[in-house]
1. Looking for whichever is β-branched (Val, Ile, Thr) and farther than 17 Å from residue 35 by Cβ here; the options are 143, 99, 65. Which one fits?
2. Looking at the structure I just gave you, is residue 75 within 17 Å of the chain's Cα centre (by Cα) and part of a strand (DSSP E or B)?
3. Name the one entry in 8, 84, 28 that is at negative phi, within 14 Å of the chain's Cα centre (by Cα) and not basic (Lys, Arg).
4. I need the helices (runs of 4 or more DSSP H) fully contained in the range 78-152, keeping only those with at least 2 residues that are of a type in the set (S, T, N, Q) and surrounded by 11 or more Cβ atoms within 10 Å (Cβ to Cβ).
5. Anything in the range 14-29 that is modelled with pLDDT under 95 and either touching a Cys at 6+ places or on another chain (Cβ under 7 Å) or of a type outside the set (Gly, Ala, Ser) (or both)? List them, or say none.
6. Hey, residue 36 hits all of (1) outside any helix (DSSP H, G or I); (2) more than 14 Å from residue 22 (Cβ to Cβ) but one; which does it fall short on?
Amino acid sequence: MKKKVVLYTDGACSGNPGIGGYGGILMYGEYKKEFDGAEENTTNNRMEMRAVIEGLKMIKYPCIVDVYSDSAYTVNAFLNGWIYAWQKNGYKKADNKPVQNADLWQTLYALTKTHEVTFHKVEGHADDAFNNRCDALARGAIVKLKKTLPVT
């Protein structure tokens with residue numbers, strides 16, 4: 001029987017594109033693990049996706065995963081079925097133009113084949129304590145990365 005895991009995620013960007021960060025909380029029973037990361041030249045959408053990808057990668061064996069994100073971009077791709085059409089069409093949209101962030105979509109799609117993933121859209125910057133904590137982790141990761149960069 002597969003274990004049930006909860007994953008909350010968020011991404012942020014200082015400039016878009018700019019320095020971006022992501023944060024997440026992985027929960028199983030009493031176990032809770034926070035994680036974060038940052039990149040120099042990225043977008044908010046990429047950071048939202050990276051948060052989900054990094055969280056799913058941390059799960060060591062196939063599980064049932066409820067993903068909570070305030071990213072309509074990420075969540076709606078699955079809830080509205082866009083990802084399945086993109087995958088079928090070689091990550092091209094209906095107008096035959098390439099899907100943005102195809103590299104991350106391919107990785108995320110593959111991870112949803114390892115785990116039974118259900119996406120849930122949450123209201124950003126509202127009264128959801130876990131979403132707010134993920135936002136703080138993502139913003140904190142940006143601050144940490146900025147401190148390591150040369151002043152321009």
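The values are calculated or read from the model by the stated rules, or taken from the named source; none is laboratory data. Since the structure is predicted, the reported quantities are computational estimates derived from the model, not experimental observations. Every residue, glycine as well, gets a Cβ built from its backbone with ideal geometry; the counts of neighbours run over all protein chains shown.
1. On the way: 143 fails: farther than 17 Å from residue 35 by Cβ; 65 fails: farther than 17 Å from residue 35 by Cβ.
Just a single option satisfies the conditions, and that option is 99.
2. On the way: within 17 Å of the chain's Cα centre (by Cα): yes; part of a strand (DSSP E or B): no.
Against the criterion (within 17 Å of the chain's Cα centre (by Cα) and part of a strand (DSSP E or B)), residue 75 does not qualify.
3. Numbers: 84 fails: within 14 Å of the chain's Cα centre (by Cα); 28 fails: within 14 Å of the chain's Cα centre (by Cα).
After ruling out the rest, the residue left standing is 8.
4. Working: elements: 82-88, 102-114, 129-148.
Because the criterion is at least 2 residues that are of a type in the set (S, T, N, Q) and surrounded by 11 or more Cβ atoms within 10 Å (Cβ to Cβ), the helices (runs of 4 or more DSSP H) in the range 78-152 that meet it are 102-114, 129-148.
5. Hits for the range 14-29 are 16, 17.
6. Residue 36 satisfies every listed condition except (2).
Listed here are the residues, each with its yes/no results for (1) within 20 Å of residue 43 (Cβ to Cβ); (2) basic (Lys, Arg); (3) in contact (Cβ under 8 Å) with a residue 12 or more places away in the chain.
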| site | (1), (2), (3) |
| --- | --- |
| 80 | no, no, no |
| 97 | yes, yes, no |
| 110 | no, no, no |
| 119 | yes, no, yes |
| 134 | yes, no, yes |
| 138 | yes, no, yes |
| 142 | yes, no, yes |
| 145 | yes, no, yes |
